Amino acid sequence: MAKEKIKAPPFDEIVFENRNKEYGAYVLRKKYVKHLTVGFLIGVFVTSAAIIGPYINAKAQESYKKRAERQVEIQMENIDQPQNEIEAPPPPPSPPPEEAVQTTRYVAPVVVDSVKPEEAKQLMTADEARVEVKDEDVSLVEVVEEVQEEVKEEEAPTEVFVVVEEMPSFPGGDQALMEFIYSHIEYPEIAKENNIQGRVVVRFCVTYKGTVDQVSIIKGVDPSLDNEAIRVIKMLPTWKPGKQGGKPVNVWYSVPINFQLK
């Protein structure tokens, strides 16, 4: 006969044989393996979170810092111009001197009986007289042209106005001016490292030709930010000049630039 396999009872059954299994210890021993497994998994999860969490947080902070350094907020604000009375237009320039007109006066010839040989050498022929008159005309025209050039140079306005009838304008308007400054501004590294922020107010002159000149700082924050603002303003293209009395003139213009780290 084949030997029958005898199945041994579990260890817990042997220990609690003939004992009160409803006391609670028997139930705890039956669920011990399950509780041990769950506790192990929870311990592994908590340990992993404690190790990986700070690393992920550090990476997120570094990414946020780099993204914030690339963001520069520039706000254009209108600065109230002093309401000065509009000055009267400058008087018109004096007209250039009229060209001198050379007139020749007819002189009746003097009839003489004879001419001495010495005097004959001093007389000019008709052709020589024409050549001399032409040379004088050429020199006269050159003098008139020089005078006209001097008058034109004197017409260039030197006064700088604060308020005029027609203020200068940037090609495309204030929005185009803000976009130009935003696209060319570079936040200085030393200012980012020291967390330097603030508003820089720049004043410059829009000349009667539309160029930007005499750039200066009205309200500064830090030399690094001030110099960067001046550098960008000097890069501005040609403006539409301001006009007073229908004539282009030099006009002061102010632009505020906000440097802000996010």
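Every number here is computed from the coordinates shown, using simple stated rules; none is lab data. Everything numeric in this text was worked out from a predicted model, so none of it was measured. Cβ: placed from backbone, ideal geometry, glycine included. Neighbour counts: every protein chain shown.
Quick one: in segment 158-259, what % of C-alpha pairs are over 18 Å apart?
On the way: 2455 of 5151 pairs.
That fraction is 48 percent.
May I ask you to compute the full-extension gain from Val160 to Val33, defined as 0.36 nm times their residue separation minus their alpha-carbon distance, rounded to one decimal in nm? If you can, show how the numbers build up before the last one.
Numbers: separation 127, 0.36 × 127 = 45.72 nm, distance 9.22 nm.
Full-extension gain reported as 36.5 nm.
Gain on full extension, evaluated as 0.36 nm per residue between Leu261 and Arg203 minus their Cα-Cα distance, stands at 18.5 nm.
Modelled this way, with points 7 Å down the Cα-to-C-beta line, the labels at Ala58 and Ile190 are 3.1 nm from one another. Residues of segment 208-236 falling in the label zone of Glu179, defined by backbone nitrogen less than 19 Å from a point 7 Å along Cα to beta-carbon, are 233, 235-236. Each of Ile217, Pro171, Ile190 was placed along the dipole of segment 158-259 (beta-carbon charges, centred on the mean Cα), and the one lying farthest toward the positive end is Pro171.
Arrange the following residues from fewest to most other Cβ atoms within 10 Å of their Cβ: Glu166, Glu189.
On the way: Glu166 15, Glu189 10.
By the 10 Å Cβ count, ascending: Glu189, Glu166.
List, in the order given, every pair from Lys59/Lys192; Lys65/Lys192; Lys66/Lys219; Lys66/Lys234 whose Cα-Cα distance in the structure shown is over 22 Å. Checking Cα-Cα distances, Lys66/Lys219; Lys66/Lys234 exceed 22 Å. For the pair Lys7 and Lys65, label points projected 7 Å from Cα toward Cβ lie 6.5 nm apart. Would you work out if segment 187-227 is rounded, prolate or oblate? Take a ≥ b ≥ c from the square roots of the eigenvalues of the alpha-carbon gyration tensor; rounded if a/c is under 1.5, else prolate when a/b is larger than b/c, oblate otherwise. Cα axes put segment 187-227 in the prolate bin.
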